[in-house]
Amino acid sequence: MSVTVRKGDPRSPEGTALLRASHDYLSSLYPPEHNHYLSIDALCAPDITFLLAEAQGRTTGCVALKAFDGYGEIKSMFVDPAVRGAGTGAALMTALDALGSELGLPILRLETGDDLYPAHRLYARHGFSICGPFGDYQPGPHSVFMEKRL
């Protein structure tokens, strides 16, 4: 499956559908105080770039990159469960590397759920390793922190 990635709008029908599916999924796994996803409106901030992946005429995934001083944080990475394993996640990770480099960010960081093992494997395949909490995050029972130098 050939996947393309483009800048998108979290408020578009496709972006909103993927983000709602992501939020519903995370809310089914973790208590509210351990869900660190951003609202759709928050993802529209000027320091955030939102990306959509498309394959075979349909939107298959999304991710956002929030630029901080000295690093970028990956937010809202989600791939439609119907197409997982078909290259959408890899295409989004490759696009994030390019975007981070374009923005001059030396490091990409992320927080993900402790039992989202397929996500852990995807991140590791793309050069991420475990790190400690960063930014405003505190250690928690459901958080795994990872980073990658660009």
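All of the numbers you see were taken from the coordinates with simple rules; none came from a lab. Since we're looking at a predicted model, the values are computed, not measured. Cβ sites come from the backbone with ideal geometry, for glycine too, and all protein chains shown count toward neighbours.
You can think of it this way: the chain between residue 121 and residue 4 has 40.0 nm of extra reach, that is 0.36 nm per residue less the Cα-Cα gap.
Placing unit charges on the Cβ atoms only, positive for Lys and Arg and negative for Asp and Glu, gives the chain a dipole magnitude near 440 debye about its Cα centre. The residue list 132, 31, 55 was ranked by how far each Cα lies along the charge dipole of the chain toward its positive end, using unit charges on Cβ atoms, and 55 comes out on top.
Summarised as an ellipsoid, the chain has semi-axes of 21, 18, 16 Å, derived from the eigenvalues of the Cα gyration tensor scaled by 5 and square-rooted, with the largest first.
Pairs of Cα atoms under 8 Å, at least six residues apart: use those to get the relative contact order of the chain, whole percent.
Worked out over the chain, it gives 21 percent.
Looking at the stretch 3-109 alone, DSSP beta bridges between its own residues are antiparallel in about 90 percent of cases.
Any idea what the relative contact order of the stretch 69-150 is, in percent, if you count C-alpha pairs under 8 Å spaced at least 6 apart? Once divided by the residue count of the stretch 69-150, the mean separation gives 35 percent.
Here is the result for the stretch 3-73: no GluC sites (Glu not before Pro) lie in DSSP coil with at most 15 other C-beta atoms within 10 angstrom of their C-beta.
Just from its helices, what would the mean residue ellipticity at 222 nm be for the chain, if runs of 4 or more DSSP H residues each count -39500 (n - 2.57) and the sum is divided by every residue, rounded to the nearest 500 deg cm²/dmol? Computed ellipticity for the chain at 222 nm equals -9000 deg cm²/dmol.
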